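So the structure is just underneath, and the comments pick up after that.
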Amino acid sequence: MLAFPPCKLNLGLHVTHKRMDGYHDIETCFYPVPFTDVLEVVVSDQFAFSSTGVVVPGPVENNLCVKAFELLKHDHDLAPVQIHLHKIIPTGAGLGGGSSDAAYTLRLLNQVFDLNLSLDQLMQYAAKLGSDCAFFIGDKPMIGKGRGELLHDINLSLKGKYVVLIKPDLEVSTAAAYAGITPDTPAMPIAEILTQHPMSHWKEMLVNDFEVSVFQKFPILKHIKESLYDAGAVYACMSGSGSTVFGIFDTAVQPATDYPVMWSGYLQ
């Protein structure tokens, strides 16, 4: 069985509190984007995981797809499977590609083995795998709080908007990005900005707290964001803790930038 795990963008991101467990509480809006990996799960005589495309770092047993299988196998009588991941979404890009692969592994296993797990049950499993994994169980924008695993519906559609993703050849350390943040409560909730103000106001109102410190260390990311606005973006921002910068446009464009466009297309 085949699936196409998408990536996500963060429409605004606030770091609101440092927790006793070492994590941070955030507020963001996750939005799915049809820039995808390719994932296949088939029943087999013995378990195997393989990958092609973008190199997936780390040992196989640490891969989130493998962990997703082991998580479900602990509670359900699963036969061995072969999992093949063709990786297209780059790692360390702030796009949640690994989390999406894990969530879609759960979704495929649920179908392959007719487990009849509900959406809520799948989200509970996904939350054990990573902070933003649960978001990818559904196929819609969501407000994320807590570590990103506390999800709430938002009435938001950007269907028909054209998105451009640019990622220079650098990776931003998530730990270093958080180290440059002073948690604070935002003046206005992200959901309110997104649903009660036109997109033309987002440039001034909808911020990613990571940009201040990350742009200081990697000025090229700020330059890319500015180039997207110069090309006519209605809104541009860094996704997550970087290093992808995206622009949202009313129509298709080819922005002038020193870095190639990683992906562009219309939102669904």
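The values are calculated or read from the model by the stated rules, or taken from the named source; none is laboratory data. All values reported here derive from a predicted model rather than from experimental measurement. Cβ: placed from backbone, ideal geometry, glycine included. Neighbour counts: every protein chain shown.
Values for this structure:
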{"quantity": "Total residues in the range 36-65, condition in contact with a strand residue (DSSP E or B) (Cβ under 7 Å, 6 or more places away or on another chain) and either surrounded by fewer than 19 Cβ atoms within 10 Å (Cβ to Cβ) or outside any helix (DSSP H, G or I) (or both)", "calculated": "20"}
{"quantity": "Subset of the range 96-123 (residues that are acidic (Asp, Glu) and part of a loop (DSSP other than H, G, I, E, B))", "calculated": "ASP114"}
{"quantity": "Residues being surrounded by fewer than 16 Cβ atoms within 10 Å (Cβ to Cβ) and in contact with a Gly (Cβ under 7 Å, 6 or more places away or on another chain) - total across the range 213-223", "calculated": "0"}
{"quantity": "Inter-residue pairs, beta-carbon under 8 Å, first assigned by TED's automatic domain parsing to the domain that holds LYS67 and closer than 19 Å to LEU108 by Cα and in the range 43-56, second among the β-branched types (Val, Ile, Thr) and not in a strand (DSSP E or B), 6+ apart", "calculated": "VAL43/VAL112; PHE49/VAL60; PHE49/VAL66"}
{"quantity": "Any hit, the range 68-80, residues being in contact with a Lys or Arg (Cβ under 7 Å, 6 or more places away or on another chain) and either over 15 Å from PHE35 (Cα atoms) or of a type in the set (Phe, Trp, Tyr) (or both)", "calculated": "yes"}
{"quantity": "Total residues in the range 224-239, condition farther than 21 Å from LYS159 by Cα and either surrounded by 16 or more Cβ atoms within 10 Å (Cβ to Cβ) or assigned by TED's automatic domain parsing to the domain that holds CYS29 (or both)", "calculated": "3"}
{"quantity": "Answer residue from the range 129-187, given it is assigned to a strand (DSSP E or B) and of a type in the set (Val, Ile, Thr) and is nearest to the chain's Cα centre (by Cα) among those", "calculated": "ILE143"}
{"quantity": "Filter result for the condition that a residue is aromatic (Phe, Trp, Tyr) and modelled with pLDDT under 95, over TYR259, TYR229, TYR235", "calculated": "TYR259"}
{"quantity": "Failed item in (1) over 15 Å from ASP169 (Cα atoms); (2) out of contact with any Ser or Thr (no Cβ under 8 Å at 6 or more places or on another chain); (3) at pLDDT 95 or above, with SER213 passing the rest", "calculated": "(3)"}
{"quantity": "Selected residue [closer than 18 Å to PRO34 by Cα, assigned by TED's automatic domain parsing to the domain that holds PRO186 and surrounded by 23 or more Cβ atoms within 10 Å (Cβ to Cβ)] from THR244, THR251", "calculated": "THR244"}
{"quantity": "Of residues in the range 242-268 being part of a loop (DSSP other than H, G, I, E, B) and among the β-branched types (Val, Ile, Thr), the one nearest to ALA177 (Cα to Cα)", "calculated": "THR244"}
{"quantity": "Flag if ALA93 is surrounded by 15 or more Cβ atoms within 10 Å (Cβ to Cβ), part of a helix (DSSP H, G or I) and not assigned by TED's automatic domain parsing to the domain that holds ILE166", "calculated": "no"}
{"quantity": "Filtered residues of the range 110-159 (kept if at pLDDT 95 or above and of a type in the set (S, T, N, Q))", "calculated": "ASN110, GLN111, ASN116, SER118, GLN121, GLN124, ASN155, SER157"}
